[in-house]
Structures are given as C-alpha cells and as structure tokens.
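Below: one structure, written as structure tokens.
The values are calculated or read from the model by the stated rules, or taken from the named source; none is laboratory data. A quick note: this is a predicted structure, and the numbers were derived from the prediction, not measured. So basically every Cβ, Gly included, is an ideal-geometry build from the backbone, and we count neighbours across all protein chains shown.
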Amino acid sequence: MKKVKQTMLLCLIITVMALSIAVLYFPTWTASIEGSNSVHVLEQVNINGTDHEIMIRGQDLSNPVILYIHGGPGASEIPYAKKVQDLLETRFTIVNYDQRASGKSYHFFEDYTNLSANLLVQDALAITDYITTRLGKEKVILMGHSYGTYIGTLAAQQAPDKYEAYIGVGQMADIQQSETDGWNEMMEQARLAGNDEDVHQLEQIYGAIAQGQAFVPRDIVKRYGGASRLIDSPEASFFGMTFSSEYTMLDAIRYNKGIIFSQEVLIGEAMHHPLPSMITKLDLPFYFIMGDYDYMTSSHAAKLFFDNIEAEHKEFISYKQSAHYPHYEEKQKFFNWMVDTFIH
C-alpha cells in the first residue's frame, strides 16, 4: 500500500510539473483569418536593440495599415486586440506591438535603466520602418490610445512623412488640467451618490492634484463611469492573458512586472513634460477621438491642446456616449468613420 501511495504521489508531481511547464511555456499564436490575402502573424522581432512582440492581423494585405500604440504605460492590448478590433480587421491591416519593457517585450534580465518616452518614440519610428518595408507600404496610419498618444504625438511630430495621418484616441494633453477636470467630476459624482468614503479620499488628495503631483485614483474614476460606460474596461487580466492564445502565464508575469516598472518611470516624465509644452504644430492630418465622459484623459484638456496645434487639417471628434475607449465602446461608429475617412 505504501508503495502504491508513493507511485501515485510521484505521478501527481509529474503531472503538476508537466502542466506548469505547458502553461508557462506553451507556444503562442494568433487566430487565423480567412482569405487568400489575409495575414495573422505573432512574432518577436529585434528592433532598435531589443526584441519587440509584434502582432499583424487583417483580411487583405492590400488594405491600409494601422500602427497601434497601446497605453498604460505598459498596458499591452495584444491579449484581447482581436476581440475589439475585429471590425477594423475587415478593411485595415492592424499592427499591435508590446512596447519596450511591456508585456511580451519585457525581458527579465534586460537593462531598462534608459527607459524614457524618447526611447519609446525611437522604437515606434523604427517599428514603422519595419512594417512599411515588410508590408510594402509607403505610409501607415498612426493610432495611439491613452499613454500611447503621448508616444504617438511625438512620433508624428518627429517624422510626419512616415504617416498618412495621426489619430489620438483618449488623447493625453496637460495632465494637471486633465486630473483637475477628473477630480471635479468625480467629486460631484461621489457627492451625488452619497459616498462619503470617496468624498473624503478625494478631499485628501486635492492639494496634490492642484499642484500636478498626483492622479485621481483610477478605481474612483472607474466607479463613476470615467473609464468606460458601454462596455467593461477592456483591460488585460492575469487569467485572461494566461488563457489567451497570444500569451502564456509567463507572459502574464512579464506583463505585470513591466507595467509596474514602466509606470513608475514614465508617468512622472509625462507629468513634468506635458505634450502642450512640446507640440504646437503637426505637419500631417490629425484627429482626436474623445469620449465625452472620459476622465482618464479629459476631453476638455484634449480640446485645449487641440486648439493650440497648428495643422493644415485637423478634426476633434466627440463620442457622446463613451468614456476612455470610444473606439471600442462605439465600435461600429468608429469603424464607419475610419472607412469613410481613409478608404472612401
């Protein structure tokens, strides 16, 4: 009997180890797309001195190309991109990539002491060159979301000839103004809801907000609809990443380590160097897509920034039902606009 128990225990240990190895290291892929000229690629490519995870998806390679820069900092969208960008894939080829030190582009033993917004901008420009060469395009459409707009706007300023247009979704602007807008709205909503705990917490941080030294707590912003309204916030969860085809459990660990490190380094930099202090002109068409209820990056602050940018063609487009994710919350409307603007 003792020998049987030992054998069963050994089998259990072997099974657990095998499952652990499979979960941690199982090969990843992105789901196939039907069509003789479709593309569905998930790959690691060494660009600008480090390996970047790049995903390319679309039904027809002859379609225009969108280079999408995720936010965070450090918040990769690759684990769920195919779910929220499915409409766009029918008329555009979409390139998502994990930024340096983010998601699958976070490498445990790599030195990231030089991480900065400028380095991420240079990465974005180098990835643009890689994509245009690989896909045979002269230019691509550059799209950023949230913190990705910080990198995207700077990239558009530095190399407008590489891009057909720049689209800022949930556009960052003056962070102090944005957070002041957010504080005022969240305080009003907390009082209307009779939530004394939230009111007290907001009162405690007012001074830091007013001085541009803090953010309105994101759990409060989410609670009162300042992050998303028509959908659940499309953020990658640990289990969601682990059970996606694009990520493993090891990749989910990379994601969490990367987002902690990236936000610690990059958020302070963005607060001290807001975009309006660096950009007053863009030499390409640009569009800001803003949800009226967005209090992660306030629409009011984005409009002030927009008004002070000189450009031959620019549009500020408000989505009346959405918050921080108008391209996902009002997905059909955004898809129709993209087709009308860049294809029709």
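Annotations for the structure displayed:
- GLU179 free of Cβ contacts under 8 Å to residues at least 24 places away in the same chain and either among the charged types (D, E, K, R) or buried (at least 20 other Cβ atoms within 10 Å of the Cβ) (or both): no
- Residue under evaluation MET271, criteria (1) crowded, with 16+ Cβ neighbours inside 10 Å; (2) at pLDDT 90 or above; (3) under 16 Å from the mean Cα position of the chain (by Cα); (4) in a helix (DSSP H, G or I), criterion not met: (3)
- Residue in the range 276-286 that is touching a residue at least 60 places away in the same chain (Cβ under 8 Å) and farther than 22 Å from LEU142 by Cα present: no
- Members of the range 258-286 that are hydroxyl-bearing (Ser, Thr, Tyr) and closer than 27 Å to HIS52 by Cα: SER262
- Lone qualifier among MET296, MET338, MET278 - being closer than 20 Å to THR153 by Cα, among the aliphatic types (A, V, I, L, M) and surrounded by fewer than 15 Cβ atoms within 10 Å (Cβ to Cβ): MET278
- Taken together, the residues in the range 287-316 that are in a strand (DSSP E or B) and either within 23 Å of ALA81 (Cα to Cα) or in contact (Cβ under 8 Å) with a residue 60 or more places away in the chain (or both) amount to 5.
- Looking only at residues of the range 38-53 that are among the aliphatic types (A, V, I, L, M) and touching a helix residue (DSSP H, G or I) at 6+ places or on another chain (Cβ under 7 Å), we find that the one that is farthest from ARG91 (Cα to Cα) is ILE47.
- Options TYR166, TYR206; residue that is over 24 Å from LEU266 (Cβ atoms) and either in a helix (DSSP H, G or I) or touching a residue at least 60 places away in the same chain (Cβ under 8 Å) (or both): TYR206
The rows are residues; the columns are (1) modelled with pLDDT under 95; (2) more than 21 Å from GLY71 (Cα to Cα).
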site: ARG254; (1), (2): yes, no
site: GLY258; (1), (2): yes, no
site: THR297; (1), (2): no, no
site: HIS300; (1), (2): no, no
site: GLU310; (1), (2): no, yes
site: SER322; (1), (2): no, no
site: LYS333; (1), (2): no, yes
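- One residue from PHE286, PHE215, PHE261, PHE243 being touching an Asp or Glu at 6+ places or on another chain (Cβ under 7 Å) and either under 30 Å from PRO27 (Cβ atoms) or of a type in the set (Phe, Trp, Tyr) (or both): PHE215
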